[in-house]
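Shown next, in structure tokens, is the structure this report addresses.
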Ligand code: HEM
Ligand code: PLO
């Protein structure tokens, strides 16, 4: 069987959701995460405060060129932190720096298509990649084990505060629940791996997407999206989730960002559970299948001038939304992203508030952001700098 050395280390041999093979246990764990997002996700009142602090931090750059990366990552980390652990980090919290550091280290070393994932026997040789990965994983594990212990000690039965509480609660047998029900097989290892993964997936994907969109917006005029925001919301109040249906152009900018630079260009490797076929090609049971999302999102048969950033392709000639069938940034089917609606809400609130309150320009003399990026488990933009120009407040 195909062995994934780095992802096995990351997930204690598949005790997570994304990298674990299909099984009834995987299904019940995925369901737990999904329902806890519905419980704690959409109503998170902290989200607005987090959005406001990101805007203030960027606006406070006082005309100097800034790299938006660290501020965006911190904001997105705090959203997921609220959901998973009911806590947020202040800007200079050393633990936040630790989290951002171990996440970066994992993104740099995990499943990078390196030889280790193809020749698992290389594991026996010393390797800088494996050393770094192990070190990041141990920082992550120490931090999460402490959170798990704190939660176990302080949680109130029947009143989960966050995803970690919901997972701990599902571990404990309740009343008449049969052994087949959710808690079965949910060990402490599973709880830790599921929480760690939700945390990591939630941070890296959303912050990467926001940064890609900002990088493209520096190349592309921002006036149309700001005009739409001014007409629908004005500048006298903050943007709310209920404004989203009235802001189709903003949505099309987000979609175009997700299309042109898919966070996950070849998705996560899938395994055929039985002999089957795709597009007439026979697929033997057990075959690893990689979906080339990059190719789907850049296929000239489906996209006119696929390498150009053209948000209008997601609107019809009346300005109403259209979603082409070859647009699948969150995947599809049983393994579709569990965080899609949370991610969509975050992308909307962050982008709309940023563009309502400020414009992003290229600093004088600086090269425009590189649009090639760095390929790994996620396709990330290289760091870039922008000038933040505050927009006047108070206009309706
Ligand atoms: C899976 C994209 C945000 C959690 C995936 C997959 C993609 C994806 C393409 C894999 C589908 C496959 O291999 O078939 C994205 C994008 C996001 C985003 C583009 C943001 C812009 C999030 C967030 C969370 C999350 C916010 C959680 C807080 C997960 C998990 C899986 C997953 C747990 C594994 C699902 C499974 O295997 O059943 N995501 N994601 N994602 N995503 Fe996301
Ligand atoms: C990000 C770094 C974290 O420390 C660990 C982690 C867990 C889940 C991974 C995520 C990383 C990268 C993005 C992934 C996500 C699962 C689903 C998501 C691969 C490595 C995507 C886009 O497919």
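Can you pull the percent of Cα pairs in region 252-325 with separation above 17 Å?
Summing the P(r) tail past 17 Å for region 252-325 gives 55 percent.
Helix 69-85 versus the longest principal axis of the chain: what angle, 0 to 90°, nearest 10, using Cα atoms?
50
Hey, rough spin-label estimate for residue 237 and residue 8, points 7 angstrom out along Cα→Cβ, what's it come to in nanometres?
Those two pseudo-labels are separated by 5.6 nm.
Can you give me the angle between helix 340-357 and the longest principal axis of the chain, using Cα atoms only, in degrees from 0 to 90, rounded to the nearest 10?
Approximately 30 degrees, to the nearest ten.
Return the distance in nm (one decimal) between the two label points of a simple spin-label model at residue 161 and residue 101, each offset 7 Å from Cα along Cα→Cβ.
2.6
Relative to the longest principal axis of the chain, what angle (0 to 90°, nearest 10) does the C-alpha long axis of helix 24-40 take?
Between the helix axis and the principal axis of the chain, the angle is about 40 degrees.
Quick check on region 164-314: take the gyration tensor over C-alpha atoms, sort the square-rooted eigenvalues as a ≥ b ≥ c, and tell me if it's rounded (a/c under 1.5), prolate or oblate.
oblate
Pick from 149, 56, 228 the residue whose mean-square fluctuation is largest in a GNM of the chain, springs joining Cα atoms under 10 Å.
Fluctuation is largest for 149.
Compute the Cα gyration tensor for region 325-396, then decide on rounded, prolate or oblate, letting a ≥ b ≥ c be the square roots of its eigenvalues: rounded whenever a/c is under 1.5, prolate when a/b is larger than b/c in the other cases, and oblate in all that remain.
oblate
I need the shape label for region 215-260. Rule: rounded when a/c is under 1.5, else prolate if a/b > b/c, else oblate, with a, b, c from the alpha carbon gyration tensor.
It is oblate, given that a/c is not under 1.5 and a/b is not larger than b/c.
Using only the Cα atoms of the chain, what are the Rg and Dmax in Å?
Every Cα atom of the chain included, Rg and Dmax give 21.7, 69 Å.
For each of 79, 338, count neighbouring Cβ atoms within 10 Å of the residue's Cβ, then give the residues from fewest to most.
338, 79
In what sequence do 314, 360 fall when counting other Cβ within 10 Å, fewest first?
Numbers: 314 22, 360 18.
In order of increasing Cβ crowding within 10 Å: 360, 314.
Values in this text are rule-based calculations from the coordinates and carry no lab data. Everything numeric here is computed off the predicted structure, so don't read it as measured data. All Cβ positions, even for glycine, are placed from backbone atoms using ideal geometry, and neighbour counts span all protein chains on display.
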